[in-house]
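Rule-based calculations on the coordinates, nothing more; no lab input. As the structure is a computational prediction, the values presented were derived from the model and not from experiment. Ideal geometry is used to build each Cβ from the backbone, glycine not excepted, and the neighbour counts take in all protein chains shown.
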Amino acid sequence: MKRRLSLIGAIGLLFVYLTGCGGGRTLTKEERAQGSLVFGQIDMDEAPSNFQWLSTRVIPTPKELPYWNFGVHKNRIFLFDGLPKGSYQMDSFGGHSSFLWIFNNQDYSYNFPGQGNGFRIQDQGVYFMGAFKYKAIKGKGFFTADKWDLERVKSPTEKELLIEVIGLLKKMDSPLVPLAEKHLRSLQ
Amino acid sequence: MRRMLIPLLACALMVGCSLAQVMHDSDSANVRGLGDLKDGQAILVGRIELDPARGKSEPVIETNGSWMPESVKDMLKEANLYLGRAVGPQKGEPEKGDYTAVIKAHFGDLFFARLDPGSAYLQSMSYVVRYGSNITHKTDGSAQGMQQRIAKAAMRLNSKIAIQAGDQVIYVGRLRFKRDEFNNFKGLQVIDESGVDLKAIRDKLGATVKVRKVLVTAN
């Protein structure tokens, strides 16, 4: 799964509407218990920013609550415990640049292409989206924008990442811990 | 009011400049009639449609109250069919240098576009899936600029069309692009509607215009 988009279209485009409608609704613990665990990882070592948020869009896109925001942990793991059934398309992710941990003055938003990047949740379960690495691609000329790809990587594996995710779910007091542990056993 | 004028003009300029990159108007292959052709050129005629057709929520538009230029409104309705001398990129929308011209067509309507002598490839078709813009503000609350983001889907065809001596119109029928809910290309269906379209072609280009039918396939 490769994603490529002009960095010029990404830098600085932290849209107000994304933050405004990204996670407009908070699920109750009972609702989360009915949903699915969706998780993955993005290695942002080559990115100009850290990794703070990831947003997915409901398909077909409703006017009310079109986005669901994933939680981002350890600057690399994204997860959603309790995503309801439906079709979703990865929309965007982002963070901010920092210098000496003091000057966090540049927001970055990386938009997924308008095609592909989709997944369907038909039954409650555990869905591993994959492990990816942000790859910077330099433009060819002075006026050519830099680009980026998300390149699928083999490490960590689903099992390795799920072990970390279960630790996070326990800290969050997630109702999906038993579901995740059952899935982990199936990966043994 | 005057205080708002300069920022708004700046917004308009920014939108205009950024759209110039997107629209590629100078690359447009659309023609009005045979009079627009030079020696050896022909007119490509057909229709583009999506299956399933666009729903009410497509494309996704998030303007957050900001002004939308007419050119953007047109862009949101349009399909772009890229013409090139060679096959286009394996994925994504062709970039400048990959293609020679763009046919802009409203979904379902007949398009009329110029074909240069020789062979041409219908490289791919793209359309806007999401459009977002919002006005940014200074710390004092006044408008500072406008930010945009445009996401497109591209469906690769790479269908070759060879112009023959004496060609005036090449009719390719209704190009129905099948897709899933994530706008992944699921196949091309070509529907020959020449019985109906021939009248529209002759009404526009003249009763004696010579039409040759070429039904393409996706490669």
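Extension gain for the segment B:Ala86 to B:Asp192, taken as residue separation times 0.36 nm less the Cα-Cα distance, is 35.6 nm to one decimal. Once the chain from B:Lys213 to B:Ser57 is taken as fully extended at 0.36 nm per residue, the excess over their C-alpha distance is 52.6 nm. Annotation: amide H-H contacts under 5 Å for B:Ile170 (H modelled 1.01 Å from N, sequence separation of 5 or more, or interchain): B:Ile43, B:Leu44, B:Val45, B:Arg212.
In order along the range B:103-117, the phi-based Karplus estimate (6.51 cos²θ - 1.76 cosθ + 1.60, θ = phi - 60°) of 3J(HN,Hα) comes to 8, 9, 9, 7, 3, x, 8, 5, 10, 10, 9, 7, 10, 6, x Hz; Gly and Pro are listed as x. Applying a DSSP loop filter and a limit of 13 other Cβ atoms within 10 Å to the chymotrypsin sites (Phe, Trp or Tyr not before Pro) in the range A:22-102 leaves A:Phe99, A:Trp101. Sorted ascending by nearby beta carbons within 10 Å, beginning with the fewest, B:Met75, B:Met125, B:Met68 become B:Met68, B:Met75, B:Met125. The mean of 1/r over all pairs of different alpha-carbon atoms in the range B:72-219, once inverted, gives a Kirkwood hydrodynamic radius of 17.3 Å.
Summing +1 for each Lys or Arg and -1 for each Asp or Glu among the other residues whose beta-carbon sits under 13 angstrom from that of B:Lys186 gives +1.
How crowded by other chains is A:114-124, given as the mean number of beta carbons from other chains within 10 Å of each beta carbon? Working shown, then result.
Values: counts 17, 16, 7, 3, 5, 1, 3, 0, 0, 0, 0.
Across A:114-124, the average partner-chain Cβ count within 10 Å equals 5.
I need the calculated FRET efficiency for the pair A:Ser186 and A:Lys138, taking r as the beta carbon distance and R₀ as 45 Å, to the nearest 0.05.
Values: r = 42 Å, r/R0 = 0.94.
The calculated FRET efficiency here is 0.60.
Going from the residue with the fewest nearby Cβ atoms within 10 Å to the one with the most, B:Asp203, B:Asp39, B:Asp180 rank B:Asp39, B:Asp203, B:Asp180. Counting only lysines at least 8 places from B:Lys73 when in the same chain, those with an alpha carbon closer than 28 Å to its own are A:Lys63, A:Lys147, B:Lys56, B:Lys91, B:Lys96, B:Lys104, B:Lys138, B:Lys152, B:Lys178, B:Lys186, B:Lys204. Of all aspartates and glutamates in the structure, the ones whose alpha carbon falls short of 18 Å from that of A:Lys182, not counting any fewer than 8 places away in one chain, are A:Asp81, A:Asp123, A:Glu158, A:Glu160, A:Glu164, A:Asp173. Residues whose amide H lies under 5 Å from that of B:Ile61, counting only those 5 or more places away or on a different chain, are B:Tyr131; hydrogens are built 1.01 Å from N in the peptide plane.
Other residues within the sphere of radius under 9 Å centred on the Cβ of B:Phe107, judged by their own Cβ, net out at 0 (K and R +1, D and E -1).
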